[in-house]
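The values are calculated or read from the model by the stated rules, or taken from the named source; none is laboratory data. Please read all numbers here as calculations on a predicted model, not as lab measurements. Heads up, the Cβs are rebuilt from the backbone with ideal geometry, glycines too, and the neighbour counts pull from every protein chain shown. Accessible surface areas use protein heavy atoms only, side chains included; no ligands, DNA or RNA. Shrake-Rupley method; radii C 1.70, N 1.55, O 1.52, S 1.80 Å.
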Amino acid sequence: MFLDKDTFETVIESTPLISIDLVVENSNGAVLLGHRNNRPAKGYWFVPGGRIRKNEKLDDAFLRLCVEELGVEATRQQAHCLGPYEHFYDDYVFGTEVSTHYVVIGYKIIVDIDIESLPEKQHNQYRWFTKNEMKSSSDVHLHSKWYIE
């Protein structure tokens, strides 16, 4: 279910958002990150993922996000659950007047993807990072670094 802008602003201001982050590793152990187009975390390298929609089962959300974000059909059973995380931001998708709080379920999945074919809605470019590159880069968001620690 999509919400109109005013309703979504009220939700963000009033409650945590629940989402899934996809920690995608290739067969060489590198992690896929996208350079964020949108707030929060705009301008940082971040793992793919997205919100769980109202009345959407976790299995359905996982499959939808894999298709939308990665162009692959993968199931939650093919992934390893990394557990819950909390992400706090001083801004939100529409500006800086409201903070954002996410409760995130992280999942690690191993798949080789052609990054040239990935969508550019949330990220304007993609790159495979080694874990050492992720840890040492100030352009990789802290919340993405947590998944490899």
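Data overview
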item: Any hit, region 63-80, residues being assigned to a strand (DSSP E or B), free of Cβ contacts under 8 Å to residues at least 60 places away in the same chain and crowded, with 16+ Cβ neighbours inside 10 Å; result: no
item: Residue check for K135: under 22 Å from N28 (Cα atoms), charged (D, E, K, R), more than 14 Å from the chain's Cα centre (by Cα) and not in a loop (DSSP other than H, G, I, E, B); result: yes
item: Index of the failed condition, H87 passing every other in (1) assigned to a loop (DSSP other than H, G, I, E, B); (2) closer than 17 Å to I52 by Cβ; (3) not aromatic (F, W, Y); result: (1)
item: Condition check for E25: of a type in the set (D, E, K, R) and open to solvent by less than 60 Å² (accessible area, probe 1.4 Å); result: yes
item: Near pairs, Cβ below 6 angstrom, 6+ apart or cross-chain, from region 43-60 (free of Cβ contacts under 8 Å to residues at least 60 places away in the same chain) to any residue that is of a type in the set (K, R); result: D59/R76
